[in-house]
Amino acid sequence: MQKLEMLYEGKAKRVYKTDVDQEYIVDYKDDATALNGLKKGTITDKGIMNNTISSILFEMLEGKGIKTHFIKKLSDREMLVKKVTIVPLEVLVRNYAAGSLSKRYGIPEGTKMDNTILEFCYKNDELGDPFINEYHIRAMKLAEEKDIRTIENAALRINEILIAFMKEIGIDLVDFKLEFGRTPEGEIILADEISPDTCRLWDAETHEKLDKDRFRRDMGKVEEGYMEVVRRICEK
Ligand code: TMP
């Protein structure tokens, strides 16, 4: 497997072409951003920790019948993935109120939601990833009705699987963000990453935050939070 030119550099990852047409390499960086890029920093070894966590979670989800872009972990910071075109939506799944949901509706952080909440944001940095609903998504031709249903069903199933997985390692899955991609054959599959950058993970006993909120909110012990998730997942 040969790593060829870089195709794309995002805030937390770089994507490279390979000598295999349908396969890309994702390289996880230590860079961290928040507040839509306004806050910048580095979390030591975040790339290694997120690649480890994402690889384990993608493999676990594949084992439970979820189709993902994950092929295999290549090195500390690299994973081999299937080539997809990202659907320009951030799919937010929430089990407890936190973050922007708490702000928007005045619901105290940590309130358990009676039902899972699914939200969409339009993935567009210039616009600050604004919230969007299904009517906008169809009107703007970001995804068809049947694709929205596929994404919705996959997101809810992924939530059930991740809640159970995290429960076993003493973590409450507060909320998370998913991205989906389209294969050249037109199939919608899970893409991007699942890591403490993209999830809110709270210790089930102490409610200590083990995720990127430690960076966003200048809480300190950011690396320690990520490391604790790695430790619990790897010991499972
Ligand atoms: P929010 O409360 O800021 O809307 O975030 C909800 C969850 O989604 C939280 O776990 C962080 C994650 N998320 C991302 O990973 N990237 C994003 O751009 C956004 C808006 C949220």
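The values are calculated or read from the model by the stated rules, or taken from the named source; none is laboratory data. Note that the structure is a prediction, hence the values are computed from the model and not measured. Virtual Cβ from ideal backbone geometry, glycine too; neighbours counted across all protein chains shown. The accessibility values were calculated without ligands, DNA or RNA, using every heavy atom of the protein model including side chains. Shrake-Rupley method; radii C 1.70, N 1.55, O 1.52, S 1.80 Å.
Do we find that Met6 is open to solvent by 20 Å² or more (accessible area, probe 1.4 Å), assigned to a loop (DSSP other than H, G, I, E, B) and either within 15 Å of Asp192 (Cα to Cα) or not β-branched (Val, Ile, Thr) (or both) in this structure? So Met6 fails the test. Count of segment 74-88 residues, restricted to those that are touching a Ser or Thr at 6+ places or on another chain (Cβ under 6 Å) and either within 13 Å of the ligand (Cβ to nearest atom) or assigned to a loop (DSSP other than H, G, I, E, B) (or both), is 1.
Yes/no per residue for (1) outside any loop (DSSP other than H, G, I, E, B); (2) open to solvent by less than 20 Å² (accessible area, probe 1.4 Å):
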residue	(1), (2)
Ala143	no, yes
Ile151	yes, yes
Asn159	yes, yes
Leu162	yes, yes
Met166	yes, yes
Asp172	yes, no
Leu178	yes, yes
Val230	yes, yes
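If only one of Asp21, Asp31, Asp45, Asp27 is touching a residue at least 12 places away in the same chain (Cβ under 8 Å) and open to solvent by 80 Å² or more (accessible area, probe 1.4 Å), which one is it? It is Asp21.
Looking only at residues in segment 89-101 that are of a type outside the set (Phe, Trp, Tyr) and touching a Ser or Thr at 6+ places or on another chain (Cβ under 8 Å), which one is farthest from the ligand (Cβ to nearest atom)?
Asn95
For segment 228-235, the condition holds for at least one residue, the condition being that it is away from the ligand (no atom under 16 Å from the Cβ) and under 19 Å from Ala32 (Cα atoms).
Summed over segment 198-219, residues that are near the ligand (Cβ under 9 Å from one of its atoms) and either more than 16 Å from Ser100 (Cβ to Cβ) or part of a strand (DSSP E or B) (or both) total 3.
The set of residues in segment 89-137 that are of a type outside the set (Lys, Arg), open to solvent by 70 Å² or more (accessible area, probe 1.4 Å) and not in a helix (DSSP H, G or I) comprises Pro108, Glu109, Asp114, Asn115, Phe131.
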